[in-house]
1. Cβ-Cβ under 7 Å, sequence separation 6+ or interchain: first residue in segment 80-97 and over 7 Å from Gly64 (Cβ atoms), partner open to solvent by less than 40 Å² (accessible area, probe 1.4 Å) and of a type in the set (Phe, Trp, Tyr). Which pairs?
2. Do any helices (runs of 4 or more DSSP H) entirely within segment 45-153 hold 3 or more residues that are open to solvent by less than 70 Å² (accessible area, probe 1.4 Å) and modelled with pLDDT under 75, and if so, which?
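The values are calculated or read from the model by the stated rules, or taken from the named source; none is laboratory data. Since the model is a prediction, treat every value here as computed from it, not as a measurement. Glycine also receives a Cβ, built like all others from the backbone with ideal geometry; neighbour counts cover every protein chain displayed. For the accessible areas, the whole protein counts, side chains as well, though only heavy atoms, and no ligand, DNA or RNA atoms are used. Shrake-Rupley method; radii C 1.70, N 1.55, O 1.52, S 1.80 Å.
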Amino acid sequence: MEERKKGGFDGQTEATLYRLAQAGCPESLDRLLRQHEGLVRQIVAHQQLCGLPFEEALQVGRIGLWRAIGGYDPQRGTRFSTYAYPAIIRHVWEAVRRNMAWERRQVPPGMLGVFLEANSRMNGKKEEWEEVEKVLRGLVAGLPERQREVIRRHYGLEGGARQTLAEIGGEWGVSRQRVYQIEEAALVWLRQPGHSQELRNLLGRHSQEEYEWAEQVTQAYLRRRGGRHERG
């Protein structure tokens, strides 16, 4: 491969830069990372990120780029962009799947659709069920009015028929997506251990794993909202 003139690789061949980067030279690695930043951005821009923030997708894409630099052999004759594409897109897709898994980890619908599993956990014991219902109602009562109404209607609290988000939106004159956003904000607040400790204790949902998941969901939500939690 011909050496590039000054202004490109300063007299070094591209193959030399890869060899130096793979040997641990930080300057060569940094040059190659900057050189191919546009490739990462191009790949990320054409993916369905499904709620994963663009900057976060770029970060994981750069990890894929870094791995590709470490394994690339120019002497094989393959263009670097062709070699790097699978590594970059694989890291992006994995991040999207992880993000979707956090957001999809919803509890089953029903009277206690906010956390649930209560029917099976209570084993039909009326006294325990009534205590769970009482605590849940008190927790939901702490929400702003619109969030409280969405949770009440969508999960059939107070014994009413469950309404879909589209049905609620139709009554309010807003889109289903807007109602979903209101519900999401409510669930983020309800899941927080600081708010739901009593209910978690009753349902046995107070393990470290449960707390870590609640924090992951909250952080993913805040990233999408630019660090703001909707409370209206």
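1. If the second residue must be open to solvent by less than 40 Å² (accessible area, probe 1.4 Å) and of a type in the set (Phe, Trp, Tyr), the pairs left are Phe80/Tyr72; Tyr83/Tyr72.
2. Values: elements: 54-71, 80-104, 118-122, 126-141.
Those helices (runs of 4 or more DSSP H) span 80-104.
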